[in-house]
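Once you've had a glance at the structure underneath, I'll fire off some questions.
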Amino acid sequence: MDRWFADGELNTAYLALDHHVAEGRGEQCALIYDSPVTGVKKTYSYSALRDEVARFAGVLRAQGVGKGDRVVIYMPMIPEAVIAMLAVARLGAIHSVVFGGFAPHELALRIDDAEPRVIVSASCGIEFANVIAYKPLLDEAIIKARFKPARCIIVQRPQLAAVLQEGRDIDWASAMQTATPADCVPVLSTDPLYILYTSGTTGKPKGVVRDNGGHAVAMKYSMKAVYDIAPGDVFWAASDVGWVVGHSYIVYAPLIAGATTVLYEGKPIKTPDAGAFWRVCAEYRVKALFAAPTAFRAIRKEDPDSRCLQGHDLSALRCVFVAGERLDPPTYHWVKDTLGKPVVDHWWQTETGWAICGNLTGVELKAPKPGSSTVPTPGFHVQVLDDDGHPLPPGKQGSIVVKRPLPPSCLPTIWGDFARFHNDYLKAFPGYYLTGDGGYIDDEGYVFIMGRIDDVINVAGHRLSTGEMEEILAGHPAIAECCVIGVHDELKGQVPVGLVLLKNGVTIDQQQLEAELANCIRHEIGAIANFRKAFVVPRLPKTRSGKILRKLLRQIAAGDDFPIPSTIDDPASIPEIASLMAQHGLIQKR
Ligand code: COA
Ligand code: AMP
């Protein structure tokens, strides 16, 4: 597979922290923690953050963590999450951050795959006004997991104390008091920096591997080229450290670039109002804000006339960046008109770690086209292919691919499963990386991403697998067969809906079934799946070989024209299912 700077050695945490201290920038602010849900605001200079990271690296080293060992981090948006990530990197170990909204089952899957020596977590997270106890979720995940970590290090938050398990759990604060700071451990450019699990088309999440060298180069380059950020500028990615955006643009890239990063433990709305983003931008003189379209849709819904904008001085804000899901043109116009700033849509994936396409604000700002993420970023050779692998002309929609070699930071493999990596990304079109997205390139080279062409959906900027949801629904005793598709949602972009076939002879109240199925998904994947709707169907459209025609169901839901597949077993099932979907209000109006 393509490798970058194969003979190089580095330490990513050194580049993010020690390097700036050595260059005399130690007193500059590295991290601003702003938590409207707890009322806490705190800043860390580069020196202070380096010292905390070195000390926590000492805590980890005392637990036997060394080069190549895995450490799972399951934490809310608190500074200790960033400190833990950088401390793992400092030791040349490999972190695997698991988004705090995932349920124990999901955490257990990741523990089993990564086999961590240590897990770092916290007593609780805070969602709007709700305190969510994390520790019981962690304990349940460890019980469910086949692999047992030797130690758990827990940050006790004042909002809720966790019960620590004697012999296994360690209190973060006490361990830090006695720790000896650890130095940076050099690693090879090709050594893994982290594993970040993302949804594929099956129930098993895939561990995207990020190397050290290629990643550091892409992070540094993108801060200037994509975001036009220089040392000392304030950059805010309003995401979560559990997602790739958080890894790249809350933690690594802004720090490697010598900028100031904002870690925000709050929401775009209700913490305390729809002016939360504007308040943070004004208070810290944020130069570039990066968020998911869903966040802006939520603000627009709550405050359509932008009353909450009043009184906030956004003169430092130069540009707004969005990614994570399709930026629909109405949202694009609303953000642009409300703020009077350029809005840059850029398209990327966990697999790449940075933008595949964008409008390069630090190189040359092109005239934007709503609905397009502009042009490929240097290093990405983006093409559109038909089902047989032939390049399509401008304007024709097909499968979006990237010609190999892939640029720095792109995944070299799936953790422990090169065969899956090859199958999922390289096999379909030899010489190309399959992105899983569909779309087209216009005659001026602008790329339009129209959505996934596989069983991955994007709910409120969170990537989820419908295949995994199907596996969970299929475990319900009343269900014979099922299919989950993503349908359009005004706020969250997409939400999942289950179409289920009952076992012969089973009768069950529709509402009761829907509630039970929603509960199964909430318990197994987490509330973030937003699974609320399911209904019973008499049959599902299938091929003669018995495969459910998921693409067809997606096309019906999207309100698209669709050809009747020649392989269909029972053509009468199509109008029947379309009518049922219409009755349930699931067909997107065009
Ligand atoms: N820990 C625990 N639970 C979480 C969680 C976390 N980190 N994140 C979300 N959840 C829970 C929520 O509390 C909610 O639970 P509920 O069903 O019991 O109310 C559920 O998951 C659904 O959350 P969400 O889809 O986020 O809806 P919401 O109504 O809570 O919030 C938005 C709506 C628009 C404010 C929110 O989705 C948002 O800020 N989206 C932007 C996402 C983003 O930044 N993505 C980054 C990609 S770049
Ligand atoms: P994730 O790996 O969670 O970052 O999700 C990646 C997926 O989100 C992509 O494959 C796209 O389907 C979608 N996505 C991300 N950014 C954009 C964008 N700017 N426009 C359209 N879709 C996007």
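The values are calculated or read from the model by the stated rules, or taken from the named source; none is laboratory data. Just so it is clear, the structure is predicted and the values come from calculations on it, not from any experiment. Methodologically, a virtual Cβ is constructed for each residue, glycine included, from the backbone with ideal geometry; neighbour enumeration extends over all protein chains shown.
If I filter segment 286-328 down to residues being more than 16 Å from ligand 2 (Cβ to nearest atom) and among the acidic types (Asp, Glu), which single residue comes out as surrounded by the most Cβ atoms within 10 Å (Cβ to Cβ)?
Here the answer is Asp303.
Please enumerate the residues belonging to segment 2-61 that are acidic (Asp, Glu), under 25 Å from the mean Cα position of the chain (by Cα) and modelled with pLDDT of 95 or more.
Once the filter is applied, which keeps residues that are acidic (Asp, Glu), under 25 Å from the mean Cα position of the chain (by Cα) and modelled with pLDDT of 95 or more, segment 2-61 yields only Asp34.
Residue-by-condition table, conditions (1) within 17 Å of His584 (Cβ to Cβ); (2) modelled with pLDDT of 95 or more; (3) in contact with a Pro (Cβ under 6 Å, 6 or more places away or on another chain):
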site: Glu444; (1), (2), (3): no, yes, no
site: Val447; (1), (2), (3): no, yes, no
site: Gly451; (1), (2), (3): no, no, no
site: Glu468; (1), (2), (3): no, no, no
site: Ala480; (1), (2), (3): no, yes, no
site: Val500; (1), (2), (3): yes, yes, no
site: Leu549; (1), (2), (3): no, no, yes
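I've got another one for you. Count, please, the residues in segment 349-396 that happen to be within 12 Å of ligand 2 (Cβ to nearest atom), closer than 11 Å to Val447 by Cα and not in a loop (DSSP other than H, G, I, E, B).
So the count comes out to 3.
Continuing with the same structure: Tally up the residues in segment 56-80 that are under 19 Å from Ile142 (Cβ atoms) and not in a loop (DSSP other than H, G, I, E, B), please.
6
Can you tell me which of Gly371, Gly353, Gly358, Gly362 is away from ligand 1 (no atom under 15 Å from the Cβ) and at pLDDT 95 or above?
Gly362
Now for a different question. Which residues, taken from segment 435-470, are more than 16 Å from ligand 1 (Cβ to nearest atom) and assigned to a loop (DSSP other than H, G, I, E, B)?
Asp442, Asp443, Glu444, Gly445, Tyr446, Ile453, Asp454, Asp455
Can you tell me which residues in segment 397-419 are away from ligand 2 (no atom under 16 Å from the Cβ) and crowded, with 20+ Cβ neighbours inside 10 Å?
Residues satisfying the conditions are Pro407, Pro408.
Among the candidates Asp183, Asp240, single out the residue that is within 16 Å of ligand 1 (Cβ to nearest atom), of a type in the set (Asp, Glu) and touching a residue at least 12 places away in the same chain (Cβ under 8 Å).
Asp240
Taking segment 247-289 as the region of interest, how many residues are under 17 Å from the mean Cα position of the chain (by Cα) and charged (D, E, K, R)?
2
Which fully enclosed strands (runs of 3 or more DSSP E) of segment 97-137 have 3 or more residues being away from ligand 1 (no atom under 12 Å from the Cβ)?
Once the strands (runs of 3 or more DSSP E) in segment 97-137 are filtered for at least 3 residues that are away from ligand 1 (no atom under 12 Å from the Cβ), what remains is 118-122.
If a residue has to be assigned to a helix (DSSP H, G or I) and farther than 17 Å from Arg210 by Cβ to count, how many in segment 247-258 make the cut?
Total satisfying the criteria: 0.
Collect the residues in segment 138-161 that are touching a strand residue (DSSP E or B) at 6+ places or on another chain (Cβ under 7 Å), assigned to a loop (DSSP other than H, G, I, E, B) and within 17 Å of Cys124 (Cα to Cα), keeping them in residue-number order.
Result: Gln156, Gln159.
Starting from segment 515-526, take each residue that is farther than 17 Å from Gly100 by Cβ and list its partners that are part of a helix (DSSP H, G or I), counting only C-beta distances under 6 angstrom and pairs at least six apart or across chains.
Leu517/Leu473; Cys520/Ile472; Ile521/Met469; Ile521/Ile472; Ile521/Ala529
Residues to consider are Lys224, Lys270; find the one that is within 16 Å of ligand 1 (Cβ to nearest atom) and surrounded by fewer than 20 Cβ atoms within 10 Å (Cβ to Cβ).
On inspection, the qualifying residue turns out to be Lys270.
Yes or no, residue by residue, for (1) in contact with a Leu (Cβ under 8 Å, 6 or more places away or on another chain); (2) outside any helix (DSSP H, G or I); (3) within 14 Å of ligand 1 (Cβ to nearest atom):
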| position | (1), (2), (3) |
| --- | --- |
| Thr202 | no, yes, no |
| Ala216 | yes, no, no |
| Met219 | no, no, no |
| Trp236 | yes, yes, yes |
| Val245 | no, no, yes |
| Ala274 | no, yes, yes |
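Going by the conditions given, is Gly232 surrounded by fewer than 20 Cβ atoms within 10 Å (Cβ to Cβ), within 20 Å of the chain's Cα centre (by Cα) and not charged (D, E, K, R)?
Considered against the rule, which asks whether it is surrounded by fewer than 20 Cβ atoms within 10 Å (Cβ to Cβ), within 20 Å of the chain's Cα centre (by Cα) and not charged (D, E, K, R), Gly232 comes out as no.
Looking at Gly498 and the list (1) touching a residue at least 24 places away in the same chain (Cβ under 8 Å); (2) closer than 30 Å to Lys144 by Cα; (3) surrounded by fewer than 17 Cβ atoms within 10 Å (Cβ to Cβ); (4) within 31 Å of the chain's Cα centre (by Cα), which single condition is not satisfied?
(3)
Any idea how many residues of segment 471-485 are part of a helix (DSSP H, G or I) and out of contact with any helix residue (DSSP H, G or I) (no Cβ under 6 Å at 6 or more places or on another chain)?
1
Only one of Arg279, Arg210, Arg297 is in contact with a Leu (Cβ under 7 Å, 6 or more places away or on another chain) and in a helix (DSSP H, G or I); which?
Arg297
Tell me, yes or no, whether segment 400-408 has at least one residue that is part of a strand (DSSP E or B), modelled with pLDDT of 95 or more and more than 24 Å from the chain's Cα centre (by Cα).
no
Just to check your reading of the model, which residue among Thr331, Thr361 is of a type in the set (Val, Ile, Thr) and over 22 Å from the mean Cα position of the chain (by Cα)?
Step by step, each of Thr331, Thr361 is checked, and only Thr361 is of a type in the set (Val, Ile, Thr) and over 22 Å from the mean Cα position of the chain (by Cα).
Is there any pair linking a residue in segment 262-290 that is farther than 8 Å from Asp34 by Cβ to one that is of a type in the set (Ser, Thr, Tyr) and within 16 Å of ligand 2 (Cβ to nearest atom), with Cβ under 9 Å and at least six apart or on different chains, and which?
From residues that are farther than 8 Å from Asp34 by Cβ, the pairs are Pro268/Thr294; Lys287/Tyr227; Ala288/Tyr227; Ala288/Thr361; Phe290/Tyr227; Phe290/Ser239; Phe290/Tyr249.
Still on this structure: What number of residues within segment 162-185 are out of contact with any Lys or Arg (no Cβ under 7 Å at 6 or more places or on another chain) and part of a helix (DSSP H, G or I)?
Looking only at that region, the number is 6.
Given (1) touching a Pro at 6+ places or on another chain (Cβ under 6 Å); (2) surrounded by fewer than 17 Cβ atoms within 10 Å (Cβ to Cβ), where does Cys357 come up short, assuming only one miss?
Every condition holds for Cys357 apart from (2).
In this structure, does Gln383 turn out to be surrounded by fewer than 19 Cβ atoms within 10 Å (Cβ to Cβ), closer than 24 Å to Gly266 by Cβ and of a type outside the set (D, E, K, R)?
Spelling it out, it is not the case that Gln383 is surrounded by fewer than 19 Cβ atoms within 10 Å (Cβ to Cβ), closer than 24 Å to Gly266 by Cβ and of a type outside the set (D, E, K, R).
Would it be correct to say that Val72 is more than 16 Å from ligand 1 (Cβ to nearest atom) and crowded, with 24+ Cβ neighbours inside 10 Å?
The answer is no for Val72.
Select, from Val217, Val244, Val208, Val226, the only residue that is within 15 Å of ligand 2 (Cβ to nearest atom), under 24 Å from Thr435 (Cβ atoms) and over 14 Å from the mean Cα position of the chain (by Cα).
Being within 15 Å of ligand 2 (Cβ to nearest atom), under 24 Å from Thr435 (Cβ atoms) and over 14 Å from the mean Cα position of the chain (by Cα) holds for just one of Val217, Val244, Val208, Val226, which is Val226.
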